[in-house]
Amino acid sequence: MSTATPAAAAPDTVLVVDFGAQYAQLIARRVREARVYSEIVPSSMPVQEMLAKNPAAIILSGGPSSVYEEGAPTVDRSLFEAGVPVFGMCYGFQLMAQALGGTVDNSGAREYGRTALAVSRPSSTLFEGTPAEQSVWMSHGDACSAAPEGFTVTASTDVVPVAAFENDEKRLYGVQHHPEVMHSTHGQQVLEHFLYRGAGLSPTWTTGNVIEEQVEAIRKQVGTKHAICGLSGGVDSAVAAALVQKAIGSQLTCVYVDHGLMRKGETQQVEKDFVAATGVQLKVVDAEERFLVALQGVSDPEEKRKIIGREFIRVFEQAQAEIIAEAGESGEPVEFLVQGTLYPDVVESGGGTGTANIKSHHNVGGLPEDLEFQLIEPLRKLFKDEVRMVGQELGLPDEIVQRQPFPGPGLGIRIVGEITKDRLDLLREADAIAREELTAAGLDREIWQCPVVLLADVRSVGVQGDGRTYGHPIVLRPVSSEDAMTADWSRLPYDVLAKISTRITNEVRDVNRVVLDVTSKPPGTIEWE
Ligand code: XMP
């Protein structure tokens with residue numbers, strides 16, 4: 001497959017140079033929160049190549065290295081001599097200091113965590129209007145002890161004499177701390193001061209611009225041909241489809257494979273609400289029977305995932321062949337495939353840091369490599385919250401746009417034990433109750449997601465009415481998270497938990513116990529399988 005979404009012209013781009021350790025993504029998001037467009041580039045990119053992108057400003061991120069380590073990432077001095085405003089943070093600050101003739105030493109001046117920063121130049125470009133003493137987040141082993149010539153030191157800490165510096169004439173700025181993390185109380189203000197005052201940028205970038213740009217680019221790319229899109233019920237594919245629909249209307253057909261592992265009301269939501277909001281042509285394939293047969297007798301989580309992935313691709317290919325045959329009658333080929341790839345996916349797959357395979361995540365909508373399609377990926381420059389904003393602007397209902405993440409294999413990985421229709425129905429009911437009560441309590445935005453899990457292989461004794469029961473437990477797994485890589489269990493109010501528990505045990509047959517999962521990730525994963 002080839003990616004052929006034309007690169008949209010992006011004026012006033014801030015490049016965030018990634019020195020590792022996940023800081024760059026957060027910085028890029030914060031820049032966009034300041035309404036300035038940003039993109040991440042690896043620190044291995046030659047300076048010439050960075051400058052060829054014509055950036056309006058450059059930010060050097062933090063990173064885990066020491067400037068003294070052999071093989072540590074570095075940056076060529078020419079970056080600071082090109083007349084482009086530069087802001088170095090943490091490791092980026094130390095690189096800047098070192099490259100321009102300042103002193104960085106590893107004399108043991110370490111600081112980790114919340115630190116008091118004393119601002120010595122309250123009228124400086126970065127710190128104007130912020131308190132003389134402010135809390136910042138530090139994480140460094142080396143420290144700058146002398147600023148380069150021509151620079152003014154603007155802040156210090158008890159341990160570090162040069163905790164920030166600037167050279168207004170050359171438009172070069174640096175701070176030892178991490179302004180991008182929320183523990184730096186005035187971090188966003190400092191970042192905005194760099195963007196607006198230091199680099200002279202204006203807060204003009206919005207998700208509205210993205211829609212206009214993408215609609216135009218997609219129209220140009222597709223011409224009179226056809227495109228197809230797999231809908232999973234999730235936010236990303238829904239927004240990508242709506243955006244492409246806006247651009248090419250009836251030249252797009254969406255396919256939704258109902259594998260029978262969906263939550264209550266989900267298929268109807270796609271069939272009715274999504275179609276009503278977008279007017280998209282939709283092909284719904286009812287494949288429940290096929291999936292249930294394929295999953296019969298299987299309890300192993302990885303095995304389940306593999307079967308679901310395999311069956312999904314088969315069904316999708318079949319649907320796609322039908323669409324191609326139908327479109328062929330109009331004489332226009334189907335050449336494009338729409339995917340809801342997001343910016344973090346792009347950065348992570350290009351980052352190549354390779355994490356261990358904990359679970360084989362299967363994205364329903366993921367397709368085999370050998371398909372001869374050009375990809376349309378209109379969200380590949382956006383973060384999740386920005387995708388939600390685009391969805392809202394496109395008029396998608398809140399129930400779709402604000403949906404919490406839901407795994408591709410659906411309820412299949414929330415039944416511990418064999419999957420049967422009976423057990424799925426039971427879990428669907430319990431899940432619907434939990435969702436209803438969390439929404440009624442206004443907690444949807446506070447939690448990241450709340451898997452509801454059926455322990456189908458476990459039974460315990462209970463008493464209901466006047467009789468003994470021997471039923472299954474349901475597990476509630478509410479978590480809070482920023483990116484699902486790590487998570488903590490959500491401290492939900494007891495009365496909400498009580499209501500969910502009472503309703504589930506009263507209303508769902510064969511369930512006589514509700515338990516709460518109080519494990520963070522790690523060591524637990526979010527899903528149970
Ligand atoms: P875990 O369980 O690994 O989940 O902590 C992290 C996040 O990923 C979701 N998840 C999946 N999403 N296909 C998906 O599209 C999958 O196979 C899959 N498994 C887990 C999970 O819901 C959570 O948001």
Among the residues of the range 139-147, is there at least one that is within 33 Å of the chain's Cα centre (by Cα), modelled with pLDDT under 95, among the hydrophobic types (A, V, I, L, M, F, W, C) and closer than 12 Å to GLN176 by Cβ? yes
Tell me, please, whether a residue that is within 16 Å of the ligand (Cβ to nearest atom), at pLDDT below 95 and either under 24 Å from ARG29 (Cα atoms) or charged (D, E, K, R) (or both) can be found in the range 368-378. no
When both residues are 6+ apart or on different chains and their Cβ atoms are under 7 Å apart, which pairs have a first residue that lies in the range 232-249 and is touching a residue at least 40 places away in the same chain (Cβ under 8 Å) and within 16 Å of the ligand (Cβ to nearest atom), and a second that is open to solvent by 20 Å² or more (accessible area, probe 1.4 Å) and in a helix (DSSP H, G or I)? VAL235/ARG388
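How about the range 224-292: which strands (runs of 3 or more DSSP E) wholly inside it have at least 2 residues that are open to solvent by less than 30 Å² (accessible area, probe 1.4 Å)?
On the way: elements: 226-231, 252-258, 281-286.
Output list reads 226-231, 252-258.
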State which residue pairs qualify: first residue over 15 Å from PRO451 (Cα atoms) and inside the range 472-487, second residue away from the ligand (no atom under 13 Å from the Cβ) and open to solvent by 30 Å² or more (accessible area, probe 1.4 Å) in any location, beta carbons under 8 Å apart, and separation of 6 or more residues or different chains. HIS472/VAL458; HIS472/ARG459; HIS472/ASP510; HIS472/ARG513
So, GLY141, is that one more than 18 Å from PHE19 (Cβ to Cβ), among the small types (Gly, Ala, Ser) and either out of contact with any strand residue (DSSP E or B) (no Cβ under 6 Å at 6 or more places or on another chain) or not assigned by TED's automatic domain parsing to the domain that holds THR103 (or both) or not? no
What do you reckon, is MET485 away from the ligand (no atom under 16 Å from the Cβ) and either outside the structural domain of LEU26 (by TED's automatic domain parsing) or open to solvent by 40 Å² or more (accessible area, probe 1.4 Å) (or both)? no
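Where residues in the range 461-472 are assigned to a strand (DSSP E or B) and open to solvent by 20 Å² or more (accessible area, probe 1.4 Å), which of them is nearest to ILE413 (Cα to Cα)? It would help to see each step written out before you state the result.
Within the range 461-472, the subset assigned to a strand (DSSP E or B) is 461-464, 467-472.
From what is left, the residues that are open to solvent by 20 Å² or more (accessible area, probe 1.4 Å) are 461, 463-464, 467-470.
On the way: VAL461: 25, VAL463: 29, GLN464: 29, GLY467: 32, ARG468: 30, THR469: 26, TYR470: 23 Å.
Once the filter is applied, the top-ranked residue is TYR470.
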Kindly evaluate GLU166 against the criterion of being assigned to a helix (DSSP H, G or I), in the same structural domain as GLY113 (by TED's automatic domain parsing) and modelled with pLDDT of 95 or more. no
Can you tell me which of GLY410, GLY442, GLY395, GLY417 is on the phi > 0 side of the Ramachandran plot and within 14 Å of the ligand (Cβ to nearest atom)? GLY410
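Can you tell me which of VAL518, VAL475, VAL453 is within 16 Å of the ligand (Cβ to nearest atom), part of a loop (DSSP other than H, G, I, E, B) and either at pLDDT 95 or above or not assigned by TED's automatic domain parsing to the domain that holds GLU437 (or both)? Write out each step before concluding.
On the way: VAL475 fails: part of a loop (DSSP other than H, G, I, E, B); VAL453 fails: part of a loop (DSSP other than H, G, I, E, B).
So the residue among VAL518, VAL475, VAL453 that is within 16 Å of the ligand (Cβ to nearest atom), part of a loop (DSSP other than H, G, I, E, B) and either at pLDDT 95 or above or not assigned by TED's automatic domain parsing to the domain that holds GLU437 (or both) is VAL518.
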Of (1) over 22 Å from TRP137 (Cα atoms); (2) surrounded by fewer than 16 Cβ atoms within 10 Å (Cβ to Cβ), HIS183 fails just (1)
One residue is enough: does the range 97-106 have a residue meeting the conditions in contact with a strand residue (DSSP E or B) (Cβ under 7 Å, 6 or more places away or on another chain), of a type in the set (Val, Ile, Thr), farther than 22 Å from PRO344 by Cα and open to solvent by 30 Å² or more (accessible area, probe 1.4 Å)? yes
Only residues that are open to solvent by less than 20 Å² (accessible area, probe 1.4 Å) and touching a strand residue (DSSP E or B) at 6+ places or on another chain (Cβ under 9 Å): list them for the range 433-443, please. ILE433, ALA434
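The values are calculated or read from the model by the stated rules, or taken from the named source; none is laboratory data. Note that the structure is predicted; figures quoted are calculated from it, not measured. Neighbour counts run over all protein chains shown; Cβ positions are idealised from the backbone, glycine included. All accessible areas refer to the heavy atoms of the entire protein, side chains included, with ligands and DNA or RNA removed. Shrake-Rupley method; radii C 1.70, N 1.55, O 1.52, S 1.80 Å.
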